[in-house]
Amino acid sequence: MTQRIYYSEPYRRTFDAKVLSVDTVAGHSHVTLDQTAFYPTSGGQPYDTGTIGSAAVTDVIDRDDGTIAHVVSGSLKVGEIVSGEIDWARRFDHMQQHTGQHVLSAAFARLFGVRTESFHMGQLSSTIDLAREVSESEIAKAEDDANRIVWEDRPVAVRFATAEEAAAMGMRKESARTGTLRLIDVQDYDLSACGGTHVERTGAIGVIAIGSAEKFKGGSRVEFLCGGRALQRFRVWKGALSAMQKHLSVPPIEMAASIERMQEHGKAAQRHLRGFQEKLAAHEAHALLAKGSPVVAAIEGWDAQGIKAIAAAITAADPHAVAVLFTTAMPAQVVIARGAASTVDAGAMLKQLAAKFGGKGGGKPDLAQGGGLGAPVSELIAFTKSLI
């Protein structure tokens, strides 16, 4: 059994301990100590990192036998006394996020009776999954109330009680654990069973900012950031807004409307462009048909959609026509089409082209399309004519 210093002293950064065992598991050194301040992955909170002696701690595992395994990249010996030091920046970040989660979950429960089903702390942000969908208005009100608790700088206490005693205290969420429970008590706001590390006062959370929310399994998944993470996200958004403002020349409050206008203008331009392309495709089709059928050609300046439009115009104008059109850009793309009165199998022809020159694609007897043909267009055209 490893004594867990972080349970009672979450602000403890260094400690001394005795090495109890050193095992090799899947090529990694697993070290157990008689006591540790390193938090193992548990309850949605990631593990601590740091050093034990000269060895770097890269993972911390809570074993079923009550011991904690420290995965280290270094050499330690059984029986030696070592000094451990946790990465405080990482630990404090986790403390801010985890305590912030308690406060935010309590806000949703207190204001709207919405239960938090699960919590996950990621590297950049954290999420809570709520039992039902919540509206933007509810999210804003919960965010406001949670930050009220943060800015009131309320004490956050650690208590220990039996499951029966804890149930009588009015916990936010009933615990499935039995025996003695570790409780995190945010004064007059939240009481929850939790084995994680937490700040001593809510003011240390800094701020609780909700980044996004989405529907998830019949409820809502709410992304949030506390303290330093909220500051980092603000800097990212500030940089993005500044760049957009430079290009759009409008204040931030008008950016959404400005982008919507640009999107509408872009869609209108695309519609006009498609109209011009259809007219130009018809013109190209008539020019190619004037040279006779079958039409086998490489057309410069057209992409796959363009040569498809030209091929369609050719076969619509002449039901006996066969059109095999290539792009000039390498590797070449191809469209094969036949008129209603033709018996050429476009799909079979594409397979022969792909078998000889590589590439892939597919289609039916009347229309096939592919790409990745690795040969000069002159060679592609010559081979195609030999097939027809």
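The values are calculated or read from the model by the stated rules, or taken from the named source; none is laboratory data. Since the model is a prediction, treat every value here as computed from it, not as a measurement. Cβ atoms come from the backbone with ideal geometry, glycine included; neighbour counts cover every protein chain shown.
From the list 80, 117, the one residue that fits, being in contact (Cβ under 8 Å) with a residue 60 or more places away in the chain, touching a Gly at 6+ places or on another chain (Cβ under 9 Å), among the charged types (D, E, K, R) and under 22 Å from residue 174 (Cα atoms), is 117.
Count of the stretch 128-177 residues, restricted to those that are modelled with pLDDT of 95 or more, part of a loop (DSSP other than H, G, I, E, B) and farther than 24 Å from residue 10 by Cβ, is 5. Quick check: anything in the stretch 31-46 more than 14 Å from residue 198 (Cα to Cα), without any contact (Cβ under 8 Å) to a residue 24 or more places away in the chain and under 29 Å from the mean Cα position of the chain (by Cα)? Yes, some residue in the stretch 31-46 is more than 14 Å from residue 198 (Cα to Cα), without any contact (Cβ under 8 Å) to a residue 24 or more places away in the chain and under 29 Å from the mean Cα position of the chain (by Cα). Kindly indicate whether any position in the stretch 341-362 is among the β-branched types (Val, Ile, Thr) and either surrounded by fewer than 14 Cβ atoms within 10 Å (Cβ to Cβ) or outside any loop (DSSP other than H, G, I, E, B) (or both). Scanning the stretch 341-362, I find at least one residue that is among the β-branched types (Val, Ile, Thr) and either surrounded by fewer than 14 Cβ atoms within 10 Å (Cβ to Cβ) or outside any loop (DSSP other than H, G, I, E, B) (or both), so the answer is yes. Annotation note: of 323, 309, 290, 313, the sole residue that is within 17 Å of residue 381 (Cβ to Cβ) and at pLDDT 85 or above is 323.
The criterion of being more than 30 Å from residue 133 (Cβ to Cβ), in a strand (DSSP E or B) and not polar (S, T, N, Q) does not hold for residue 89.
Wholly within the stretch 1-72, which strands (runs of 3 or more DSSP E) include no fewer than the required count, namely at least 1 residues that are basic (Lys, Arg)? First the steps, then the outcome.
Details: elements: 14-25, 28-33, 50-52, 55-62.
Once the strands (runs of 3 or more DSSP E) in the stretch 1-72 are filtered for at least 1 residues that are basic (Lys, Arg), what remains is 14-25.
Quick one: is residue 375 hydrophobic (A, V, I, L, M, F, W, C) and surrounded by fewer than 15 Cβ atoms within 10 Å (Cβ to Cβ)? Judged against the criteria, residue 375 is not a match. Checking the structure you have, find out if any residue of the stretch 378-387 is of a type in the set (Phe, Trp, Tyr), within 16 Å of residue 305 (Cβ to Cβ) and in the same structural domain as residue 307 (by TED's automatic domain parsing). No: zero hits. Just one of the numbered conditions (1) surrounded by 14 or more Cβ atoms within 10 Å (Cβ to Cβ); (2) out of contact with any strand residue (DSSP E or B) (no Cβ under 8 Å at 6 or more places or on another chain); (3) at pLDDT below 95 is not true of residue 66: (1).
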